[in-house]
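Q: Structure in structure tokens, see below.
The values are calculated or read from the model by the stated rules, or taken from the named source; none is laboratory data. Keep in mind that what you see is a predicted model, and the values were worked out from it rather than measured. When we count neighbours, we look across all protein chains shown, and the Cβ atoms used for this are built from the backbone with ideal geometry, even at glycine. The area values use the complete protein model at the heavy-atom level, side chains included, leaving out ligands, DNA and RNA. Shrake-Rupley method; radii C 1.70, N 1.55, O 1.52, S 1.80 Å.
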Amino acid sequence: MAQPLVQALNATYALSDEMQTFRAAAGVPAPSARKFYSDIDTLVCAYPSLPVGSRVWRRAHVAVVGYDELLERLQKPGPTLPWSDEDWDALRRHLNLYREEEDSPEALVRHAGAAAVDAYLGLFLQQHADLPPLVPTGVHVDGQPSPRPEIADLAAAGRAVLLRGGSGRGKTLWALHVAGELARAGHVPIWLAAEVCEESFRTAVARAVAPYTPLPASELLRAANAAGRALVFVVDDLSKAPQGVRRALVSGAQTARLRTPTHGIIITAQSAPETAALPDLIDIELQVPHADERLALLDAYGHADIIERCEPFTTPLELALAADCATDLPAETTSAELLDIYVDRALDGDERHRGALRALALRMHEELIPSLPRPDVNRTLRREHALDGDELRELLTGPLVRVTHGRVSFAHERHERFLAAEALIADPDAAGLARVLNEPPCGDLRSDAIALESDETRLTELLSACEDSDVLEAAATGRLGPLAERVTDALLCDAIAVACAHTTQPGIRFAAGDGPAFTGHWMLPVQADAAGEAQLTAVGRLVAQGRYLEGVMRLLERTDELCDAVLDSVEQNIPGLAGHIFANTYALRGRVVCPPRRSSMRQPTTCTCAGRLRRSPPRPCCSTTTRTSDSGPCTWLRNCFTLRTRRRRFCRT
């Protein structure tokens, strides 16, 4: 029995000496006596019991007990030291102690997985270290105004989140900050830039992780699972990818979630109908910043003092660019002029480099692709723009473009659209340019092209042929510059005059249809073209801002006279007929539908002329029995009609 006692006593002395050394280094409280072994309760257990009458060699600081007595003593307080939990943890680290189970095969796999994941996260965070500041702006969550949710927590819990909104509202920046937050918490974000992905989810993931780990993607995923880390797929700018790629990314991420339900998804896009396949999607729509948020955005970049010069800018991107160009930003700068200043600063005024980027942007626009292979870009810029190797490196590492997985794209779609529009207006054929701008692929370039055009004659030709009422409205309100505002104002005044003239020409008739309901449509000898329709749509929207009221009242007065003639030619016992005819007629466009006699006046009506200037259904005072035929500029107002123009487009009758 002597040997176990000696071993226990030696261990007690050794531990006491180590604690004494630790106390000298860490400054923890002293023992109750001279040495720490006085505060250590050392036992040797005789199992299953110590027979009665046994002779046991006695040793100081060591007691011999049976198993029953050991259990009893373990349930009672023993000697203690006035140390905190932090002091005991520090002693454990001083002695290099760890739990025995950490040497198990499962623990070794977990440690290896954690090491692989930590190496990946270190490089990921290093790559995304210098992010612009994130200023929270208003959002709608699942269609309702709401505070910004904690996306990192949602994604780490395996949820699917869609960040959507117009260009420049900060979707990608928010996702980047969330990815960094996930990485710092030990979780694994996999960043998938949709614009450079192919129609293979496996390949996209493999390329996404390759810059940060030598492991294959499948092994990294297994390592994350073994280490107990959440994994989140971040699909950035889904709407820029071709349709096949969009479907592959969404379905691939969802399939991975079905295999491992703890995987989360974050998707950024302007619109993403493909995400309807995600059953638990949280839809977050970023809103345009309000006044306080605009000031906070500029303040985050250190330029709150330029707020008065930033009235034309609406998105966080534009405000960030304005702050970057604060020293060169004049008053009353349009969005296109701001991009012009920013691009010029980014390229140090080098017109050759700017011309090269214009060519790349125009090619991406014409081929409808968001990125180009880097070798192809290198050859093109060397051959067609005479750039040498140093110039190529300078251009491709600058702030306007980025190179990802061997493909070149613009840092933001706004840069690409601006430079493509700048390339388009170099066309000397204004009529041909007008036709090109009316094509659907140029929808995002029209505003910049109009704002950049400085020749009034060419600008008049472009605006006269413009079939986009949104662009005409923006031009008329000064958002595309003072020259475009002046030209558009004259153009819209002419459009009203032409519409008034069309309502007085011979051959106008109202064709009534057959059936239980009263239906009909206006037939004119000369139908307005798409540009004329867009002009009248813009006029209708601007009426809500108090613009062109006199001209519109003249137009409605003329159409009222024709509507009176229709009422005189049909049965007068159809309830609400006058209201339906007048409410659905603007510049003699639209199809009138009136419910049968047995229907109520309050029943909804339909009109195929969606989106033009409309007048609301009349009050009872405007029925066929009370309507008067008196004329004057306010006849339609006295008949209780109002103008409705919000966010609709003309369609041809």
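Q: Has segment 330-338 got at least one residue that is farther than 12 Å from Val401 by Cβ, open to solvent by 50 Å² or more (accessible area, probe 1.4 Å), assigned to a loop (DSSP other than H, G, I, E, B) and not charged (D, E, K, R)?
A: Residues of segment 330-338 that are farther than 12 Å from Val401 by Cβ, as a first pass: 330-338.
The next check asks that each one be open to solvent by 50 Å² or more (accessible area, probe 1.4 Å); those that pass are 330-332, 337.
Okay, now just the ones that are also assigned to a loop (DSSP other than H, G, I, E, B), so 330-332.
The next check asks that each one be not charged (D, E, K, R); those that pass are 330-331.
There is at least one residue in segment 330-338 that is farther than 12 Å from Val401 by Cβ, open to solvent by 50 Å² or more (accessible area, probe 1.4 Å), assigned to a loop (DSSP other than H, G, I, E, B) and not charged (D, E, K, R).
Q: Would you point out which residue out of Leu321, Leu249, Leu298, Leu317 is assigned to a helix (DSSP H, G or I), open to solvent by less than 50 Å² (accessible area, probe 1.4 Å) and touching a strand residue (DSSP E or B) at 6+ places or on another chain (Cβ under 6 Å)? Explain how you work it out, then say what you get.
A: Working: Leu321 fails: touching a strand residue (DSSP E or B) at 6+ places or on another chain (Cβ under 6 Å); Leu298 fails: touching a strand residue (DSSP E or B) at 6+ places or on another chain (Cβ under 6 Å); Leu317 fails: touching a strand residue (DSSP E or B) at 6+ places or on another chain (Cβ under 6 Å).
Sole residue among the options that is assigned to a helix (DSSP H, G or I), open to solvent by less than 50 Å² (accessible area, probe 1.4 Å) and touching a strand residue (DSSP E or B) at 6+ places or on another chain (Cβ under 6 Å): Leu249.
Q: Here are the criteria: (1) touching a residue at least 24 places away in the same chain (Cβ under 8 Å); (2) over 24 Å from the mean Cα position of the chain (by Cα). Tell me which single one Asp305 does not satisfy.
A: (1)
Q: Any residue at all in segment 3-21 that is among the hydroxyl-bearing types (Ser, Thr, Tyr) and within 60 Å of the chain's Cα centre (by Cα)? Give the steps one after another, and end with the answer.
A: Quick first cut of segment 3-21, residues among the hydroxyl-bearing types (Ser, Thr, Tyr) only: 12-13, 16, 21.
Narrowing further to those that are within 60 Å of the chain's Cα centre (by Cα): 21.
Checked segment 3-21: at least one residue is among the hydroxyl-bearing types (Ser, Thr, Tyr) and within 60 Å of the chain's Cα centre (by Cα).
Yes/no per residue for (1) at pLDDT 95 or above; (2) within 22 Å of Pro273 (Cβ to Cβ); (3) open to solvent by 20 Å² or more (accessible area, probe 1.4 Å); (4) outside any helix (DSSP H, G or I):
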| site | (1), (2), (3), (4) |
| --- | --- |
| Asp130 | no, no, yes, yes |
| Ala152 | yes, no, no, no |
| Leu162 | yes, yes, no, yes |
| Val178 | yes, no, no, no |
| Ala183 | yes, no, no, no |
| Gly186 | no, no, no, yes |
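Q: When only residues in segment 164-176 that are among the basic types (Lys, Arg) and open to solvent by 30 Å² or more (accessible area, probe 1.4 Å) count, which is farthest from Ala194 (Cα to Cα)? So that I can check it myself, show each step before the final result.
A: Taking segment 164-176 first, the residues among the basic types (Lys, Arg) are 164, 169, 171.
Subset that is open to solvent by 30 Å² or more (accessible area, probe 1.4 Å): 164, 169.
Numbers: Arg164: 14, Arg169: 18 Å.
It comes out as Arg169.
Q: List, please: which pairs have Cβ atoms under 8 Å, are six or more places apart or on different chains, and start with a residue in segment 55-68 that is acidic (Asp, Glu) and end with one that is surrounded by fewer than 15 Cβ atoms within 10 Å (Cβ to Cβ)?
A: Listed by first residue and then by second, the contacts come to Asp68/Ser49.
Q: Go through segment 222-246 and give me each residue that's over 30 Å from His412 (Cα atoms) and in a helix (DSSP H, G or I).
A: Keep residues of segment 222-246 that are over 30 Å from His412 (Cα atoms), which gives 222-229.
Selection gives Arg222, Ala223, Ala224, Asn225, Ala226.
Q: Something else now. Pairs, please: C-beta under 6 Å, at least 6 apart or cross-chain, first residue touching a residue at least 40 places away in the same chain (Cβ under 8 Å) and in segment 202-219, second open to solvent by less than 50 Å² (accessible area, probe 1.4 Å) and assigned to a loop (DSSP other than H, G, I, E, B)?
A: These pairs meet every condition: Ala204/Cys197.
Q: Can we say Val232 is aliphatic (A, V, I, L, M), more than 18 Å from Arg407 (Cα to Cα) and in contact with a Pro (Cβ under 7 Å, 6 or more places away or on another chain)?
A: On the way: aliphatic (A, V, I, L, M): yes; more than 18 Å from Arg407 (Cα to Cα): yes; in contact with a Pro (Cβ under 7 Å, 6 or more places away or on another chain): yes.
For Val232, the condition - aliphatic (A, V, I, L, M), more than 18 Å from Arg407 (Cα to Cα) and in contact with a Pro (Cβ under 7 Å, 6 or more places away or on another chain) - is met.
Q: While we're here: Mind listing whichever residues of segment 534-549 are open to solvent by 10 Å² or more (accessible area, probe 1.4 Å) and closer than 17 Å to Asn438 by Cβ?
A: Gln535
Q: Which numbered condition trips up Asp348, out of (1) touching a residue at least 24 places away in the same chain (Cβ under 8 Å); (2) assigned to a loop (DSSP other than H, G, I, E, B)?
A: (1)
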